[in-house]
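Accompanying notes for the structure given below.
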Amino acid sequence: QVQVVESGGGLVQPGGSLRLSCAASGSILSSYHTSWYRQAPGKQRELVASITSGGSTNYADSVEGRFTISRDNAKTVYLQMNSLKPEDTGVYFCKRFTTLMAYWGQGTQVTVSS
């Protein structure tokens, strides 16, 4: 069984930065891909960024150039968020997945407000 835990959220002013962490425990393998999603109040969950097991990355247009997804090993993935805007506010979720299974964390709240 794999457990996924996000951390690093908080309250930040517009223009500020946060780094989110996605830590996995259990039988996590290097073949897992990782995606970050976010969900704002009253809106659907949306894909923000992804990194494949091979290290390829992609980003939503709304965060391209401001957010960076990275990993330091098979179990921890980060989302560096710079130049934050109020519209980046939401609960950020991490998904670790393969073609056969997916594991979600409980989410971490990010609030961008002055």
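The values are calculated or read from the model by the stated rules, or taken from the named source; none is laboratory data. Keep in mind it's a predicted model, so treat the numbers as computed, not measured. Neighbour counts are summed over all protein chains in view; Cβ atoms, including those assigned to glycine, are modelled from backbone coordinates with ideal geometry. In case anyone asks, the SASA skips ligands and DNA or RNA and just uses the protein heavy atoms, side chains included. Shrake-Rupley method; radii C 1.70, N 1.55, O 1.52, S 1.80 Å.
Tell me, please, whether a residue that is farther than 15 Å from G9 by Cβ, in contact with a Gly (Cβ under 7 Å, 6 or more places away or on another chain) and polar (S, T, N, Q) can be found in the range 76-93. Yes, the range 76-93 has at least one match. Scanning the range 22-43 for residues that are closer than 23 Å to P86 by Cβ and open to solvent by 20 Å² or more (accessible area, probe 1.4 Å) gives Y37, Q39, A40, P41, G42, K43. Restricting attention to the range 80-90, does a residue exist that is under 12 Å from the mean Cα position of the chain (by Cα), modelled with pLDDT of 95 or more, within 22 Å of Q1 (Cα to Cα) and not basic (K, R)? No, the range 80-90 has no match at all.
Each residue in the range 65-79 was checked for being surrounded by fewer than 21 Cβ atoms within 10 Å (Cβ to Cβ), touching a residue at least 40 places away in the same chain (Cβ under 8 Å) and under 14 Å from the mean Cα position of the chain (by Cα), and 3 of them qualify. Being open to solvent by 30 Å² or more (accessible area, probe 1.4 Å), in contact (Cβ under 8 Å) with a residue 24 or more places away in the chain and of a type in the set (A, V, I, L, M), is that true of even one residue in the range 49-64? No, the conditions are met nowhere in the range 49-64.
Filtered by the rule that a residue be acidic (D, E) and open to solvent by less than 40 Å² (accessible area, probe 1.4 Å), the range 84-114 gives a lone residue, D88.
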